[in-house]
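Here the structure comes first, spelled out in structure tokens, and everything after it is commentary.
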């Protein structure tokens, strides 16, 4: 009987494997799309703040404005490194660390509400712009310091540590949204098969334990 179950386990694992490969492809695609998004977003949002706080902009010397622009361009250039540092975390992606009892809605998008686990990672990669804005005197704090009438571009990791994080309304690109819709579809299917595999493995262990008992 345990040999029959072992065959079922192998069949289910063979069924799960290509789904996980597809999920990995989608993870890579989302990461590439997030890099493209971040590159443009850094420049666009910096320009938004230039016009949002004209009194700050006009108080800067030409040299300071040029230095700020160079910092934004450098951030845009290093977007792949910044984004990948966040999105390469295996804890974000079920197929890299599959386990039972995750919410079936873990990667679900509802209107403009994105999966929190990924949205937070994207926001952290964008939050680096807050450090630039803060350095040049705009009404932003991204290093964890609080103050009256400032935008808090950070989140608390624990009681002692904060990381830059973009806090305002954010709209992913259509490509990013579609990729995660596809990932969610694969996730729902994969999680079901993974649960079936775990149940079969538990049944196999129970049968092996009874067999040992009966053989003595």
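Anything in region 13-53 that is at pLDDT below 95 and surrounded by 16 or more Cβ atoms within 10 Å (Cβ to Cβ)? List them, or say none.
Passing the criteria: only 53.
Does region 17-36 contain any residue that is without any contact (Cβ under 8 Å) to a residue 24 or more places away in the chain, under 30 Å from residue 206 (Cβ atoms), out of contact with any helix residue (DSSP H, G or I) (no Cβ under 8 Å at 6 or more places or on another chain) and in a helix (DSSP H, G or I)?
Taking every residue of region 17-36 in turn, at least one turns out to be without any contact (Cβ under 8 Å) to a residue 24 or more places away in the chain, under 30 Å from residue 206 (Cβ atoms), out of contact with any helix residue (DSSP H, G or I) (no Cβ under 8 Å at 6 or more places or on another chain) and in a helix (DSSP H, G or I).
Quick one: in region 170-216, which of the residues that are touching a residue at least 40 places away in the same chain (Cβ under 8 Å) and outside any helix (DSSP H, G or I) is surrounded by the fewest Cβ atoms within 10 Å (Cβ to Cβ)?
Residue satisfying both the conditions and the ranking: 171.
Somewhere in region 131-141, is a residue in contact (Cβ under 8 Å) with a residue 60 or more places away in the chain, under 19 Å from the mean Cα position of the chain (by Cα), within 18 Å of residue 76 (Cα to Cα) and buried (at least 20 other Cβ atoms within 10 Å of the Cβ)?
no
The values are calculated or read from the model by the stated rules, or taken from the named source; none is laboratory data. Just so we're clear, the structure is a prediction, and the values are computed from it rather than from any experiment. A quick note on method: Cβ atoms are made from the backbone with ideal geometry, for glycine too, and the neighbour counts reach across all protein chains shown.
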